[in-house]
Structures are given as C-alpha cells and as structure tokens.
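Novice: So that we are looking at the same thing, I have put the structure below in structure tokens.
The values are calculated or read from the model by the stated rules, or taken from the named source; none is laboratory data. In this text the structure is predicted, and so the values were computed from the model without any measurement. Virtual Cβ from ideal backbone geometry, glycine too; neighbours counted across all protein chains shown. Surface areas here come from the heavy atoms of the whole protein model, side chains and all, with no ligands, DNA or RNA. Shrake-Rupley method; radii C 1.70, N 1.55, O 1.52, S 1.80 Å.
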Amino acid sequence: MESMEIDTPEEIISDSGSSTEVDEDDDSDERALAASRQQPRLPATWAFSHRRTGRGASRRRLRQGLRVHYSSQTASPSRGFPDFRLRAPAATVVDSQSSSTEVSESEEERPAMQAAPVETVEPEPPMNPHLNNANDTHVQEGTDSNRSAEQPRSIQPPVLPHPPSYSEEGEGDTCSICFEAWTAAGDHRIAALRCGHLFGFTCIQRWLTAQRSAAKCPQCNKKAKRSDILLLYAPKLRAMDNSEHESLKKSLEEEQSLRRKAELESAQYKLKLQVVSNKYGQAQQELQELRAQMAPAGRGSAAVSYPSSSSLHCGPDRPKVPLYSFFDAVLVSQNGGCRVLSYCEALSGLLASQPSPHAALVPGWGVKKVSLANLKSSQYIPIHSNQIRGLCFSRKNDSLLLSAAQDCTIKLTSLLTSTVVQTYNAGKPVWSCCWCLDNTNYIYAGLSNGSVLVYDIRDTSMHVQELEPLRSRTPVASLCYIPKAASSSFPCGGLIAGSPGGGCFWEQVGESTYKPHMLPLEPGGCTDIQVDTESRHCLVTYRPGRFNPTLRCVLMALTRAPQEDLNQPPSCSCSPVQTFSAGTSCKFLTKNAIFNSPDGGGALVCAGDEASNSMMVWEAASGTLLQKLSADLPVLDITPFQVNGEHFLVALTEKMMKLYKWK
C-alpha cells in the first residue's frame, strides 16, 4: 500500500480551490526521493471529503473550506495532528470548469478512513486519500476504475439566528436609535426632544453631537440641539389609546346639545298649546252664549246678537282693551321705607313691610295690614329690630307669617293674635325666606354668606341643617320652593336659591337629604328668581350690565336630564324660553312675578321699570308686551291675588300700594 507523505510538518494546506494537474504515472525517481526523506506519515484520521468532477475521470477535486475536528470536545489533543475535514460552502456548487486540487486515493486506506470521527450533521462516504506534497504544491490523485461514479449530495444551508423580534406591546419601550429598552435612571434613561419623540439619553446625545449644527430628530427630521433634550421622570411610560373615548365623548356632547334644543322647543310648544287650549275653551264658552241668545229668538228671527267687538281680540296676541286698569291706591308709610309685600288668603288682606311709624316709642320694623274689604290700612305689627327682607305665608291658611330681617333672625308671627310666636337666631343677616310646600313643618332662610338654613318649627332651639354655597358666598336674595309633581319633564321637588353669584336647585331626595344642582345662570347679575309651581317655569331677573344695558327677565323651563348611569342619579337644569327687557335702571332689588292669566290664556310676566316708574306686563308664550301700568314711583314688589272671583294685581312702592283690576 502506497503511503502519502507531506513535505514539512509546519506546511499549511492551501484551501484556495486552485490546483495544478499532474500525470498519474510519475517516474520512479520522484517516488524514491519522496520516500528517502522519511517524513512522518499523516495520521489515518485525516479525511477529505471530495466529489468526482466527471464521468470516468481519474481526478477528484477537493471541496472548498477547511474545518478542524478534535477527537475530544473539551480540549484539543496534545500530540499529533488535528483531524481536518474539508467542506465546501453550502451555497457553492462546484463546477466542472473550475480549478481544484488533485489528490490520490487508494482502496487500501479505506478502513482507516472509516475509523476517523465523522460529523453527524451530514454523513458522507468515507474516503482515505493520501496527500503527496512535492517541492511545489501539486498533488497527484490516483484513479479507481472499479468504483462507480459518486453522485453529488446537496448540503443543507446552516440555520441562521433570527434577529431579535419586538412585540407590539414592547415597541413603545425601546429606543429607536439602539433598539434597546430605555430605563428610568442611569445613562440610558428616557429622554425626549421638543418634537415629542422619545429616545435613550446617551443615544440621542451622541446623535446630536455627531451631527453638530445640522442635527435633526431621527424620526421626524425636525431641527434639534442638545439643549432640547428633556429628561422624563417616569417609572413606566405608556400612552393609552383614547381616540374611541374622545369620539364617544364628542358624540355625547352633540346628543346633549340636540336634547337641550329639543327640550327648549318642547317647552315653547307646551306654552303655545296652553294658550291655544285656553283660547279654544273661551271660544267654546262664547259659542254656547251665542246659542243661548239665539234660542229665544226662534228660527225665523233674523235679529241675532253677537258679542261686542271690544271683547274680541284684534290679533292672536294683543287685545283691543287693556287687561288691567287702575283700581285704587293705599298709603302704607308716610315716610317711606316699604320693601316687601305678601297676601294673606285666610284674612283676605295684604301685608307690607315698613319701619315703625312711631320710632321713638316702638323702634324697629314691622308689617302694615291692609284690609281688602274697605282697602284701608288697619294695624301695624312690630316684629324685627332691623329692615325686613322677606315675608311668606304657609299653605295651611293658619295666618302664620314667616319673616326674615337684617337683625340676623327669622320669626313666626300669628296675625290672629298679632304676636311673635317663635324666633330663630341665624347668626348672619337674613335676606330671604320661604316655606316647604311638601312639608309645612320646615322653613328655609337665606343668609348673607350664601348659606341656606333649614329649620323645623317643631324644634325651637336652632336649625337642623345647613346648605352651604357651592360657588360664591354672595347673599341669597330669593328663595322659592317647588313641590313634587307627577311631571315627566320635571317631577322632583326642592328649593331654588338665587344670588348675584348664580342659582342653585337643592333637590330634596329624602326628608333631610338635599342634592345640589347648579343652574346655568349668568354670573354676577341675578337679583331675583320667581317660580310658577303649576307650569314649573322660573323667572330670572338680571340687572343691567356691560353687555346688556337694560333690565332683563328671562323665562326658563326647568328640565331633568335622563339617567345615564344606574349609580348616578339624573341631573336637573333649566333652559331659557323667552327674554323680556324692561328699563335701563336697577337701583333696587325688585321682586317680579310670573302667574297664570285670569282668563286662562297662558302665563303672564310682570316686572317693574324704574326708569319710567311703571309696571310692564308681557305674555309669556309669545313675549309680547301687553300693557304698561303707571306707578308714579319705582316698583319694589309685585303680587297677584284673587278676591270674590275678581283678579287683582298690586304693586308696592316705598310709600303706597297700587291696585289694578283685571277686566
């Protein structure tokens, strides 16, 4: 068996893929010279994988690539030569035209080749070629004519590691420059540019430093500089997608706007329907009167009497004759000082507040009774030591008068005995008062600091509850109670408190539980709020201001929003229906009035005009001015009442009462 010898142990086998072919029949001189060198033989563990380059060819080519394979995986052998295995790259296909290194092969060395370690990645037929390295790098390859041609085998490409993948959840936690997660502290802490994009601090600092004056944001290409870097102190930064929430919020606002508009139109149509119904009832009554007048005349009589033209309307809104006409005037105080007015149905009389006519003997303030039987002032009743700001009677018709004054007290006075039966000290000047219409055992007092005190007349010591103001601490100029009613638009009952700082509706949820609802009123101009309990409309008075030079009375419809959440009760509010303009002056806090028309033609609005010393009457549904009644002095309070089937309207000035009768 021929042995294959190498020239020097230190010689490195070339793997360039180029070779020079030599004849298989070398002369014996070269063989003898190679054998005389007595160089160490190559170990049997050397193996070269090869491929046949052509049919019947006696030459084989070495595959490109040299790979070292150690017999032990932990350490390389200390002696001998390492085991090599020549392999071609996975993507390289050996062409028959390319150059190759020729090696000689012998059948006798095949068992030794089988003993060599073979990789399990890609098994190949064991071969044991001998390398015969002469002075040059030419290698001779022996032929094996008895061996069939070997088919080439495909080599599987190596599996490359995939690049690190970033999930959608982690994309917002990595720096877009180094693709590493930023930290809450340290050099790679989260930082931002003025454009809003986030990076690691060291990454964006190096980025801007490298670009110098032409530095830009790596994401949006906006100009940036090192001073624009802002450190964010956030342990964990995550932006929540609230686009759907904002869209739903915008839809909700649009829906609420449409709902308020629909409620406003509904309130206007209700007023118009009430006017039409009343006119229809009046027309039916007139028709019955005409039929009654036509019956005695008989069929053949052509004389038919019709109602006079003075009783018919010339239009849908304005009548031909005045609604009210002057009836009488009653002197209350010679020196003036009258402020508020109230009507007592049980005694069929009017009461007006005034200072004591005999201040030297009986100082203080009280009320003057005016009998409607003869329209003469009859008696003065002293009650408070300072000016009276509010008077109110209960629905029990027990002649019990509730009064509030600047002497920090509210008092209950019996007009049957003309004596004070109960006194409560509020601690602050009291500006207004009213009774609870759902439970007459409770009374309310509005203080100068914006609070409302709740009293129980069965408890004579002090108040049982205090309703503190939600916004400004301005005096509560007016208090009105709305009773509960089976109304779809506004079924709840409670207290409406009006002050220059705004209005608030205190809904009575339980016997001692009140829920506040701020009313959308104009701030800084409200002087009075009056309520029509039947139509559930309120009349808000605004004094002249910078943008509105006249006194305005705004008719507002109370509404209740539908319940959107089971855990949150519905909210109450109001919306304007009509606006009435009076005069350009408002030195006094005039108390205006809203009430039903005596003929059933809808609601009427009445307000005082200080500039012309008169009282103006409007139709609430259409906003048409129906009448202007002269009062000779500024009107301070207005009260409608009914006696013996006749309707009156009384206006209080500083000295007297002016009575007007409905025709």
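Novice: Test of understanding: among VAL650, VAL635, which residue is outside any strand (DSSP E or B), open to solvent by less than 10 Å² (accessible area, probe 1.4 Å) and closer than 26 Å to SER371 by Cβ? Don't jump to the end; show me each part of the working.
Specialist: Values: VAL650 fails: outside any strand (DSSP E or B).
Going through VAL650, VAL635 in turn, just one is outside any strand (DSSP E or B), open to solvent by less than 10 Å² (accessible area, probe 1.4 Å) and closer than 26 Å to SER371 by Cβ: VAL635.
Novice: Given region 517-622, what strands (runs of 3 or more DSSP E) lie entirely inside it while holding 2 or more residues that are among the β-branched types (Val, Ile, Thr)? Walk me through it before giving the result.
Specialist: On the way: elements: 526-532, 537-542, 552-560, 572-581, 593-596, 603-609, 614-619.
Because the criterion is at least 2 residues that are among the β-branched types (Val, Ile, Thr), the strands (runs of 3 or more DSSP E) in region 517-622 that meet it are 526-532, 537-542, 552-560, 572-581.
Novice: Determine, yes or no, whether PRO640 is surrounded by fewer than 22 Cβ atoms within 10 Å (Cβ to Cβ) and part of a strand (DSSP E or B).
Specialist: The answer is yes for PRO640.
Novice: I'd like to verify a number: residues in region 193-221 that are surrounded by 14 or more Cβ atoms within 10 Å (Cβ to Cβ) and either in contact (Cβ under 8 Å) with a residue 40 or more places away in the chain or within 33 Å of the chain's Cα centre (by Cα) (or both), how many?
Specialist: Summing the residues that are surrounded by 14 or more Cβ atoms within 10 Å (Cβ to Cβ) and either in contact (Cβ under 8 Å) with a residue 40 or more places away in the chain or within 33 Å of the chain's Cα centre (by Cα) (or both) in region 193-221 gives 8.
Novice: Further, regarding this structure: Criterion first (in contact with a strand residue (DSSP E or B) (Cβ under 6 Å, 6 or more places away or on another chain), modelled with pLDDT of 70 or more and either open to solvent by less than 70 Å² (accessible area, probe 1.4 Å) or closer than 30 Å to ALA191 by Cβ (or both)) does LEU264 satisfy it?
Specialist: Values: in contact with a strand residue (DSSP E or B) (Cβ under 6 Å, 6 or more places away or on another chain): yes; modelled with pLDDT of 70 or more: yes; either open to solvent by less than 70 Å² (accessible area, probe 1.4 Å) or closer than 30 Å to ALA191 by Cβ (or both): yes.
It is true that LEU264 is in contact with a strand residue (DSSP E or B) (Cβ under 6 Å, 6 or more places away or on another chain), modelled with pLDDT of 70 or more and either open to solvent by less than 70 Å² (accessible area, probe 1.4 Å) or closer than 30 Å to ALA191 by Cβ (or both).
Novice: Going through region 331-354 one residue at a time, which ones are surrounded by fewer than 19 Cβ atoms within 10 Å (Cβ to Cβ) and either among the aromatic types (Phe, Trp, Tyr) or on the phi < 0 side of the Ramachandran plot (or both)? Steps first, answer last, please.
Specialist: Let us first name the residues in region 331-354 that are surrounded by fewer than 19 Cβ atoms within 10 Å (Cβ to Cβ), namely 331, 334-337, 345-348.
Within region 331-354, LEU331, GLN334, ASN335, GLU345, ALA346, LEU347 meet the criteria.
Novice: Which number in (1) open to solvent by 20 Å² or more (accessible area, probe 1.4 Å); (2) within 22 Å of LEU258 (Cβ to Cβ); (3) not acidic (Asp, Glu) marks the one condition that GLN530 misses?
Specialist: (2)
Novice: Those residues that are free of Cβ contacts under 8 Å to residues at least 24 places away in the same chain and in a strand (DSSP E or B), I need them from region 431-453; list them, please.
Specialist: We begin by selecting, within region 431-453, every residue free of Cβ contacts under 8 Å to residues at least 24 places away in the same chain; these are 441-442.
Within region 431-453, just TYR442 meets the criteria.
Novice: Here are GLU255, GLU289, GLU244: which of them is among the acidic types (Asp, Glu) and open to solvent by less than 100 Å² (accessible area, probe 1.4 Å)?
Specialist: After applying the criteria, what remains is GLU289.
Novice: Mind listing whichever residues of region 370-400 are closer than 19 Å to SER478 by Cα and hydroxyl-bearing (Ser, Thr, Tyr)?
Specialist: SER394
Novice: Now, a different point. With the requirement that a residue be closer than 24 Å to LEU361 by Cα and either part of a loop (DSSP other than H, G, I, E, B) or in contact with an Asp or Glu (Cβ under 7 Å, 6 or more places away or on another chain) (or both), what does region 378-426 give you?
Specialist: HIS384, SER385, ASN386, GLN387, GLN406, ASP407, CYS408, LEU415, LEU416, THR417, SER418 - these are the residues of region 378-426 that are closer than 24 Å to LEU361 by Cα and either part of a loop (DSSP other than H, G, I, E, B) or in contact with an Asp or Glu (Cβ under 7 Å, 6 or more places away or on another chain) (or both).
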